[in-house]
Amino acid sequence: MKRILILALVLAVSLASAAASAETLKLGSMSPLTGPYAADGNDIANGVRTAIEVVKAEGGIPGFDDITLSAQDTACDPRQAVAAANKLINDGVSAVIGAYCSSATLPASETLDEEDIIMLTPGSTNENVTERGLQNMFRTCGRDDDQSKAAIAFMKDYLKAKSIYLVDDKTAYSQGLADNVEKASPAAGVQVLGHDHVNQGDKDFSAVLTKVKAANPDVFYVSLQNSATGALLVIQAKRMGIDAVYLAQDAVYHPQLISIAKKDAEGMFLTFGYVDTDSPSYQKFIKAYEPKYGQPGAYSTYAYDSAMAYMAAVKKAGSTELPAVRGALLSMEFKGASKTFRYKENGDSGSNYIIRKVEGGKFVDYWNAQTGEKF
Amino acid sequence: MDYFLQQLINGVTLGGVYALIALGYTMVYGIIQLINFAHGEFFAAGGYMGVIIISYLAANGVSPVVCIVLGMSLTMVYCAILAMAVEKVAYKPLRNSSRLSVLLSALGMSIFLQNGLMLTQGVYDKPYPTAMTAGGFELGNVMISYMQIYIILITSGLLVALNLLVFKTRIGKAMRATAQDKVMSALVGINSNKIISLTFAIGAGLAAAAGIMVGFYYGSVNYTMGFVPGIKAFAAAVLGGIGNITGAMIGGLIIGMVEIFAAGYLSSEYKDVFAFIILIAVLYFRPTGIMGENVDDTRV
């Protein structure tokens, strides 16, 4: 009898305490916080942090008394990404923003899918991310196939280029993009003079650049998965005297490119998603982000939007269960800092690649790949 | 022909950088038979210290030449002191332990220094004020940048100075004696601890100079920059005959040239492979390295 009484007492106390403290919404982020992609990785974690701060400042989410973030490092490595996913599962998160490298996102999303945890990627552009029919996978950025289409349209319709030389660094992402561009070039009337691969982490490109110079192409396509490496390559290419149009892609897009390459980056073109910096949602983002983390990086807005979209969906669904949140995510239109979007059935949010140019030490919108007009 | 000459200049520049780093490996090995795997981090630390000092001086209106000369000398001194501290903490207590424990201590030190650089300096690349050394000229169709000339000149200068130090001074004599026999040289009154410390300091100073030049040449430095050049310079030291100063210079030049020519004429994705194939071939057919024969005369 005494034992039962104690048991009842314990039960009552634990129930009371559960009722007293409302739930905490636990978010996770996965991105390369160390290693060569650490710049983009930290931008992603900071973007999610900003989203949480903004939501908290606006009164939080009903039913949750706090929102926390557990930021994990993937180092862009598939094994470490799966380990990070398991860590986040143990932490009891209900959603993960990440990862950055597609090669890390693909295995991690499978692990998270088994536990019905939602994953929203701000930076993985590989087509396969959303082509596997996973219920938990969402993507806020654009897709590789759309990005190479934008690059080719620019070469064909705007530059009227006759020849191209491609350099990539052999990641699934960078080589995939370069291969897509190479394949579509002949049909666009552009002759492929060469396609070289460098190693990740290389600092010396003089040998490859001497080749490029000898080939003398109209367009020099720089497909590297790192903005700092892109800056090194551009500095060395300019020093070598390569007079081509420099065309790069979204992983080279980062304030770091300009801060390192300085005037050597001038006149360079990059494909990147269109971000309307005048929109109220971007202004709200930048006001919260800049004082704390400085100038936003390439993926800060996508990470912020991913986290904002998820939290809005939880608010609408009133739950963190996968089917309910998935339904809410698919039913809502988000006015994000990067773009206004609606997730499609496969988890994609649509691509809006444009051509940007480095002008006067800034990235400026230059040419719209959808309409074929200058901004 | 233009293409070949251009690649030759690229190769000599890169080879010079490797040679400077390789000297540290070879000197330390020569004197205490330790492969100092933390050596690449002195190169990275030099690159960082260089940009910090030079940017500070430049921001205060000091002229570029003074900036570079002062920045370079201060950085070399800083890295020399850092190397002596590392030696004191990580290697000296283990001098009579098995070789494996010292090697592990070196690897640990390398990771420690690299992470220290990351935590204090951040993960972003640090840009060098490249405008100071920008520009170049064209010889026919061959583009030579001023920075390439500076690298070749400064590297040669440092190599000559090192040779003079080792072969013409009393300190050099003491270093060579310690390398040959630590106990005997101690018996005739050479302070071998001091000489070992000095060897670390000189090696790290040369690596620091290479770090600054690479920073200017490529435009920025990163906390991971020491690892790959460190491994390649180690390969260069082995190729030249580890423990041999002249060998390290020649080995560095060969590794740099092979890398560039492999990238220029074969395929750039396999350039690292070619450098190491040469290394394996040398070890297979001539295990002492290129300059391995007269090891007792020129070893430090």
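The values are calculated or read from the model by the stated rules, or taken from the named source; none is laboratory data. It should be emphasised that the depicted structure is a prediction, and the values quoted were computed from it without experimental measurement. For neighbour counting, all protein chains shown are included, and Cβ atoms are generated from backbone atoms with ideal geometry for every residue, glycine included. Areas reflect the complete protein model, heavy atoms only, side chains present, ligands, DNA and RNA absent. Shrake-Rupley method; radii C 1.70, N 1.55, O 1.52, S 1.80 Å.
Structure data summary
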{"item": "Cα shape, the protein assembly as shown, gyration tensor, a/c 1.5 rule", "result": "oblate"}
{"item": "Chain A, helix-only ellipticity at 222 nm - DSSP H runs n ≥ 4, -39,500 (n - 2.57), divided by all residues, nearest 500", "result": "-14000 deg cm²/dmol"}
{"item": "From phi via Karplus (6.51, -1.76, 1.60), per-residue ³J(HN,Hα) for the range B:155-169 in Hz, x at Gly/Pro", "result": "4, 4, x, 5, 5, 4, 4, 5, 4, 4, 4, 6, 9, 10, 10"}
{"item": "Partner chain coverage, peptide B:217-227 - average Cβ within 10 angstrom", "result": "6"}
{"item": "Where A:Val55, B:Val228, B:Val65 fall by accessible area, highest first, once all protein chains stay in place (1.4 Å)", "result": "B:Val65, B:Val228, A:Val55"}
{"item": "Projected label distance in nm at B:Thr288 and B:Met1, using a 7 Å step from Cα toward the beta-carbon", "result": "4.1 nm"}
{"item": "Gain upon complete extension [A:Glu290, A:Glu114; 0.36 nm per residue less C-alpha separation]", "result": "59.7 nm"}
{"item": "In sequence order, calculated HN-Hα J values of the range A:70-81 (Karplus, 6.51, -1.76, 1.60; Hz; x Gly/Pro)", "result": "10, 8, 10, 9, 9, 6, 6, 10, x, 5, 5, 5"}
{"item": "Cβ-Cβ FRET estimate between A:Lys316 and A:Asp365, R0 fixed at 30 Å, reported to 0.05", "result": "0.40"}
{"item": "Residues with amide H under 5 Å from that of A:Ala248, placed H, sequence gap 5 or more", "result": "A:Val222, A:Phe269, A:Leu270, A:Thr271"}
{"item": "For chain A, fraction of C-alpha pairs farther apart than 37 Å, in %", "result": "24 percent"}
{"item": "Net charge over other residues, Cβ less than 14 angstrom from the Cβ of A:Gln256 (K, R count +1; D, E count -1)", "result": "-2"}
{"item": "Chains B and A, summed buried accessible surface - 1.4 Å probe, Å², nearest 100", "result": "2700 Å²"}
{"item": "Antiparallel DSSP beta bridges within chain A, as percent of all bridges there, nearest 5", "result": "30 percent"}
{"item": "The protein assembly as shown - percent of accessible surface contributed by carbon and sulfur, probe 1.4 Å", "result": "61 percent"}
{"item": "Heavy-atom accessible area per residue - chain B, 1.4 Å, Å²", "result": "42 Å²"}
{"item": "Interface residues, the range A:204-221 - accessible area loss of 30 Å² or more versus chain alone, probe 1.4 Å", "result": "A:Asp204, A:Ser206, A:Ala207, A:Thr210, A:Lys211, A:Lys213"}
{"item": "Crossing angle, helix A:322-331 versus chain A [Cα axis fit, 0-90 degrees, rounded to tens]", "result": "50 degrees"}
{"item": "Solvent-accessible area of B:Glu269 with every protein chain in place, 1.4 Å probe, in Å² to the nearest 10", "result": "50 Å²"}
{"item": "Antiparallel DSSP beta bridges within the protein assembly as shown, as percent of all bridges there, nearest 5", "result": "40 percent"}
{"item": "Fluctuation leader among B:Lys126, B:Lys92, B:Lys194 - chain B, Gaussian network, Cα springs under 10 angstrom", "result": "B:Lys194"}
{"item": "Most mobile listed residue (A:Ser70, A:Ser148, A:Ser227) in chain A, GNM with C-alpha springs under 10 Å", "result": "A:Ser70"}
{"item": "Choice from A:Phe205, A:Phe220, A:Phe269 showing the highest fluctuation, given a GNM over chain A with Cα pairs closer than 10 Å", "result": "A:Phe205"}
{"item": "Angle in degrees between helix A:227-240 and the longest Cα principal axis of chain A, rounded to the nearest 10", "result": "10 degrees"}
{"item": "Rule-of-thumb Rg ratio for the range B:2-293 [Cα; 2.2 N^0.38 Å; N residues]", "result": "0.99"}
{"item": "Nearest 10 degrees, 0 to 90: helix A:300-317 Cα axis against chain A principal axis", "result": "30 degrees"}
{"item": "Amide H contacts of A:Lys162 (H built 1.01 Å from N, under 5 Å, at least 5 apart or other chain)", "result": "A:Asp218"}
{"item": "Per residue accessible area of chain A, 1.4 Å probe, in Å²", "result": "38 Å²"}
{"item": "Per-residue mean of C-beta atoms belonging to partner chains within 10 Å, peptide B:266-272", "result": "5"}
{"item": "Spacing of the two label points (7 Å from each Cα toward its C-beta) at A:Asp66 and A:Gln135, in nm", "result": "3.1 nm"}
{"item": "Unit Cα scatterers, Debye sum, the range B:125-180: log10 I(q)/I(0) for q = 0.14, 0.23, 0.30 Å⁻¹", "result": "-0.62, -0.89, -1.09"}
{"item": "Exceeding the 21 Å Cα-Cα cut-off - candidates A:Lys335/A:Lys357; A:Lys344/A:Lys374; A:Lys149/A:Lys262; A:Lys149/A:Lys335; A:Lys287/A:Lys362; B:Lys92/B:Lys232", "result": "A:Lys335/A:Lys357; A:Lys344/A:Lys374; A:Lys149/A:Lys262; A:Lys149/A:Lys335; B:Lys92/B:Lys232"}
{"item": "Whole-Hz ³J(HN,Hα) from phi, Karplus 6.51 cos²θ - 1.76 cosθ + 1.60, for the range B:256-261, glycine and proline x", "result": "x, 5, 4, 4, 5, 5"}
{"item": "Two-site FRET efficiency, B:Val273 against A:Asp157, from Cβ-Cβ distance with R₀ of 35 Å, rounded to 0.05", "result": "0.30"}
{"item": "Threshold 40 Å² - residues in the range B:3-17 whose accessible area is reduced by that much or more when the chain is no longer isolated, probe 1.4 Å", "result": "B:Tyr3"}
{"item": "Per-residue mean of C-beta atoms belonging to partner chains within 10 Å, peptide B:118-128", "result": "5"}
{"item": "Exposure ranking of B:Arg99, A:Arg239 by accessible area [1.4 Å probe, largest first]", "result": "B:Arg99, A:Arg239"}
{"item": "Under-5 Å amide H pairs with A:Gly98, H placed in peptide plane, nonlocal only", "result": "A:Met30, A:Leu120, A:Thr121"}
{"item": "Of the GluC sites (Glu not before Pro) in the range A:22-121, those whose Cβ has at most 16 other Cβ within 10 Å and which sit in DSSP loop", "result": "A:Glu58, A:Glu115"}
